[in-house]
Amino acid sequence: MKERKVFSQYGEDGILETIFGCIGTTDKYFVEFGVEDGSECTTRNLREAHGFTGLMMDGSNSKPEINLQQEMMFSHNIAALFKKHKVPHPGFDHLTVDIDQNTFWVALEVLRAGYRPRSLAAEMNRNLGWSDSYATIDMPEEMAFFRECPHGCFRLPHKAEIGDCYFGASTKAWVVMLRSFGYHLVYSDAIGVNAFFVHESVVGSEPLFSIAEAKQFFTQGSEYPALHGHCMRRPWVFIDEQTNFADPALDVNGLPVVFLSHTPGGERFNRRVFYEVKMSASLQEQLRRGLDGGGFEKRLEMGQGKGPSQAAALRSVSYTSTAGFGGGNVSGGGGALMQGWSVGVLVVVAFVCGGLAQRFGGRLLRAGSMGGRGGKYITV
């Protein structure tokens with residue numbers, strides 16, 4: 001696979017040229033969302049150099065002359081937006097998804113609506129390891145916040161706003177979900193921010209390689225180094241290999257939610273190890289009181305810099321019911337969530353204390369009964 005940058009952020013232009021050089025083209029139609037003003041994206045080279053046409057969508061920009069439409073994309077409206085803008089159904093040549101926070105869930109709903117692009121590129125969260133299978137929660141629309149832009153727009157909290165590693169999904173999570181719809185991983189770019197998939201109708205039903213083989217091939221058996229700031233004590237959805245995401249009866253709201261922390265790993269270029277922890281009732285109560293206007297009587301000490309072996313020394317507190325949460329154990333992650341009073345921190349507190357309870361209707365509480373996977377389970 002030859003990486004080459006023409007208009008893409010990294011080497012995506014060359015990768016897509018190689019893919020279509022192998023699988024050929026049909027309608028030369030693409031869809032890409034999260035393109036900003038369209039000047040730097042993965043499909044501009046396809047359009048300008050290879051005769052493709054298609055749809056681009058972005059929450060802040062509109063350019064009708066290149067069919068860039070200003071739309072806010074959520075899992076609940078993406079299928080309607082595809083119909084509105086007359087995306088070919090079921091098949092077209094290429095889809096790129098990159099909207100940070102909700103990328104995984106929006107892509108899932110595209111596929112659940114029956115769309116089957118032959119080629120698919122997805123932003124992956126390289127901060128998570130090859131064996132990690134997690135996606136951020138599906139942020140509900142009411143938790144988007146207003147950001148000034150020329151025509152008025154809404155923007156979800158994501159890595160560009162907060163500067164941390166809480167966004168999207170791990171490579172394995174993408175592989176697991178897309179496998180349900182017949183997609184196989186064919187490439188992970190050198191910098192580790194995009195994964196490329198091709199549908200089985202093009203390459204056959206057998207996976208080209210396993211996750212372990214991909215790790216060996218793309219990173220010589222190691223992990224991608226951390227690229228973004230810390231994202232300790234955040235809620236993630238566990239993406240189970242046994243789940244059939246193509247099942248129409250699947251209730252994605254019922255998927256297990258855990259809280260993850262990670263070893264410090266430095267701000268950049270050092271490997272982090274993510275692990276699950278349990279959040280104590282007292283900490284939940286302090287978070288809730290912070291939302292209710294009670295404030296924090298003291299700065300929360302949340303195990304910053306404590307890795308799995310060190311975090312075991314933190315005190316264990318049994319959970320009892322608190323206002324805003326049901327009974328049972330809740331999984332949680334460790335870190336400096338309340339380090340400062342930035343908008344990003346307040347947004348995180350908001351969806352931990354309110355958004356999750358609203359979005360998952362108490363299903364979050366079931367995560368505590370799952371036990372630890374791979375021995376990475378800690379109580380704080």
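The values are calculated or read from the model by the stated rules, or taken from the named source; none is laboratory data. Not measured: the values here are computed from a predicted model. Because the Cβ atoms are built from the backbone with ideal geometry, glycine has one as well, and the counts that use them run over all protein chains shown.
Here are some notes:
- Hits in region 35-55 - residues which are crowded, with 20+ Cβ neighbours inside 10 Å and closer than 18 Å to Arg4 by Cβ: Cys41, Thr42, Thr43, Arg44, Asn45, Leu46, Arg47, Phe52
- Filtered residues of region 14-34 (kept if farther than 13 Å from Leu120 by Cα, under 25 Å from the mean Cα position of the chain (by Cα) and modelled with pLDDT of 95 or more): Gly14
- In the set (1) at pLDDT 95 or above; (2) under 28 Å from Lys28 (Cβ atoms), Ile99 fails one condition alone, (1).
- Residue pairs whose Cβ atoms lie under 7 Å apart, sitting 6 or more positions apart in sequence or on different chains, and linking a residue in region 57-68 that is at pLDDT 95 or above to a partner that is of a type outside the set (S, T, N, Q) and part of a helix (DSSP H, G or I), are Met57/Leu81.
- Odd one out for Arg268, checked against (1) part of a loop (DSSP other than H, G, I, E, B); (2) more than 22 Å from Asn125 (Cα to Cα); (3) at pLDDT below 90: (2)
- Region 228-248 - residue that is closer than 29 Å to Pro117 by Cα and of a type in the set (A, V, I, L, M) and, of those, surrounded by the fewest Cβ atoms within 10 Å (Cβ to Cβ): Ala246
- Within this structure, Glu206 passes the test of being charged (D, E, K, R) and either surrounded by 15 or more Cβ atoms within 10 Å (Cβ to Cβ) or in a loop (DSSP other than H, G, I, E, B) (or both).
- Only listed residue being acidic (Asp, Glu) and assigned to a loop (DSSP other than H, G, I, E, B), chosen from Asp13, Asp93, Asp27: Asp27
- Scanning region 19-34 for residues that are free of Cβ contacts under 8 Å to residues at least 40 places away in the same chain and either buried (at least 16 other Cβ atoms within 10 Å of the Cβ) or closer than 15 Å to Phe92 by Cα (or both) yields a count of 1.
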